[in-house]
Amino acid sequence: MKKLKFLLAAMMLPLALTSCWPEPNGGTSSPVYVGLSIYNTAVVQSTHALDPVNVAFRLNTLLSDKQAQQVESIHDVLTPADANEKKFLFGELTMIEENYMNVAGDYRITFDDDKGQSDRARRGAFIISTGNKLLTEIVDSQDAWIISTDENALPSYLIASTSESLSVEGWASYEISAQSAQDNQITYVASFSDYKCGSNLGVYKSSLMGQYSITPNVRADKLLTMAEARKAEYRFSIAISGPTFAALDGVNQTNLTYTTSSDGYWRPNCSYSNGVSYRHSGEEFVSLAGNYDKEAFPSSFVTVKFSTVTTADCSKVSATINYNGETYNLI
């Protein structure tokens, strides 16, 4: 069996990243491995359900820099290193149509197995309705960014180094709103319902609902440009639930709830440091629901606790998993 891959829901800006933890001593024979498989399933589902937010925040970065640089087109925006920012964030082959279908502030982003910096390859299209406002301009209002799919170009993903592909069938609703937070900051809230996704290697389709809350430590009156976004630290929390496209016991569709504590942090400037492609803190909780093999899964609940961010350096993250009364240090 392959090593478990823990996909951090790295929801902000240029970085949706993948990392690998080693298997417990004893590999699949370790009781903690069962808990790891539950946790891994939850994070994989969450990572894909979060991808529209990743795309939307990349677009917001591009639009923020367009405004800050006072250029006519998003194709003229440059990164701090004077590279083409659209290509940096989305890849060279990705097409972005501004004012799609003659609606001001609507963007159709079409992917063709291309990807931006620290991103994943996609196919298909997202349509993002911004209301002609940046995310930083929708605070304390009824406005929201609305994300939808094109039924003729539904998003799909190839899983690297495997024969697996994931296809999105759409969702009932998906939007990003904003609200005031402490210290003159903004919390971005991404809410979605009936997110449907399936794997070519399985028979089940997910039907997830949830919410992601993301708070960068950037003042509310500042644009979320690439320069600001990459040096910021982000507080985030996750709450998703519902049937997944997985069948952990090989028979029953896995139904779960995945939540995190509110003190989780992520730092883009720590990406790839010391072989770790993320840095965050807090606790994450996953519980199984519905039908599952009680003998194979003696406990329905698993907890993973990460070290608290206390310094400015990018040392390795420590993490501890607790499952069925057993504890294992991942690092």
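Which residue is modelled with the highest pLDDT, if the candidates are limited to the range 249-282 and must be of a type in the set (A, V, I, L, M, F, W, C) and within 23 Å of Phe306 (Cβ to Cβ)?
Looking at residues that are of a type in the set (A, V, I, L, M, F, W, C) and within 23 Å of Phe306 (Cβ to Cβ), I get Leu256.
Of everything in the range 33-60, what is of a type in the set (A, V, I, L, M), over 10 Å from the mean Cα position of the chain (by Cα) and buried (at least 22 other Cβ atoms within 10 Å of the Cβ)? Give them in sequence order.
Leu36, Ile38, Ala42, Ala56, Leu59
Quick one: in the range 205-238, of everything that is in contact with a Pro (Cβ under 7 Å, 6 or more places away or on another chain) and under 30 Å from Glu164 (Cβ atoms), which residue is surrounded by the fewest Cβ atoms within 10 Å (Cβ to Cβ)?
Ser207
Pairs needed: first member in the range 66-90, closer than 13 Å to Ala227 by Cβ; second member anywhere, charged (D, E, K, R); C-beta distance under 7 Å; at least 6 residues apart or different chains.
Listed by first residue and then by second, the contacts come to Val77/Asp65; Val77/Lys66; Val77/Glu85; Val77/Lys86; Leu78/Glu85; Thr79/Glu85; Glu85/Asp65.
Considering Ala178, Ala153, Ala160, which residue is surrounded by 20 or more Cβ atoms within 10 Å (Cβ to Cβ), over 16 Å from the mean Cα position of the chain (by Cα) and under 28 Å from Pro243 (Cα atoms)?
Residue meeting the stated conditions: Ala178.
Got a number for residues in the range 131-161 being in contact (Cβ under 8 Å) with a residue 40 or more places away in the chain and more than 24 Å from Leu208 (Cα to Cα)?
Going through the range 131-161 one residue at a time, the tally reaches 6.
Take Asn132 and tell me if it is under 30 Å from Asn184 (Cβ atoms), assigned to a helix (DSSP H, G or I) and not aliphatic (A, V, I, L, M).
It is false that Asn132 is under 30 Å from Asn184 (Cβ atoms), assigned to a helix (DSSP H, G or I) and not aliphatic (A, V, I, L, M).
Restricting the search to the range 88-103, which residues are modelled with pLDDT under 95 and over 16 Å from Ala125 (Cα atoms)?
If the condition is that a residue be modelled with pLDDT under 95 and over 16 Å from Ala125 (Cα atoms), then Phe88 is the only one that fits.
Output the residue which, of all residues in the range 177-212 that are of a type in the set (Ser, Thr, Tyr) and touching a residue at least 40 places away in the same chain (Cβ under 8 Å), is nearest to Ala232 (Cα to Cα).
Tyr188
Quick one: which of Thr162, Thr94, Thr130, Thr136 is in contact with a strand residue (DSSP E or B) (Cβ under 8 Å, 6 or more places away or on another chain), of a type in the set (Val, Ile, Thr) and farther than 22 Å from Val218 by Cβ?
Thr94
Can you tell me how many residues in the range 204-240 are part of a loop (DSSP other than H, G, I, E, B) and aromatic (Phe, Trp, Tyr)?
1
Please find, within the range 293-313, the residue that is farthest from Leu248 (Cα to Cα) out of those that are at pLDDT 90 or above and hydroxyl-bearing (Ser, Thr, Tyr).
Residue satisfying both the conditions and the ranking: Thr303.
In this structure, does Ala10 turn out to be at pLDDT 90 or above, under 15 Å from the mean Cα position of the chain (by Cα) and either outside any loop (DSSP other than H, G, I, E, B) or closer than 20 Å to Ser237 by Cβ (or both)?
Answer is no for this residue.
Taking the condition of being in contact with a helix residue (DSSP H, G or I) (Cβ under 7 Å, 6 or more places away or on another chain) and over 30 Å from Asp65 (Cβ atoms), how many residues in the range 197-249 meet it?
Counting residues in the range 197-249 that are in contact with a helix residue (DSSP H, G or I) (Cβ under 7 Å, 6 or more places away or on another chain) and over 30 Å from Asp65 (Cβ atoms) gives 7.
The values are calculated or read from the model by the stated rules, or taken from the named source; none is laboratory data. The structure presented is a predicted model; accordingly, all values stated were derived computationally and were not measured. A quick note on method: Cβ atoms are made from the backbone with ideal geometry, for glycine too, and the neighbour counts reach across all protein chains shown.
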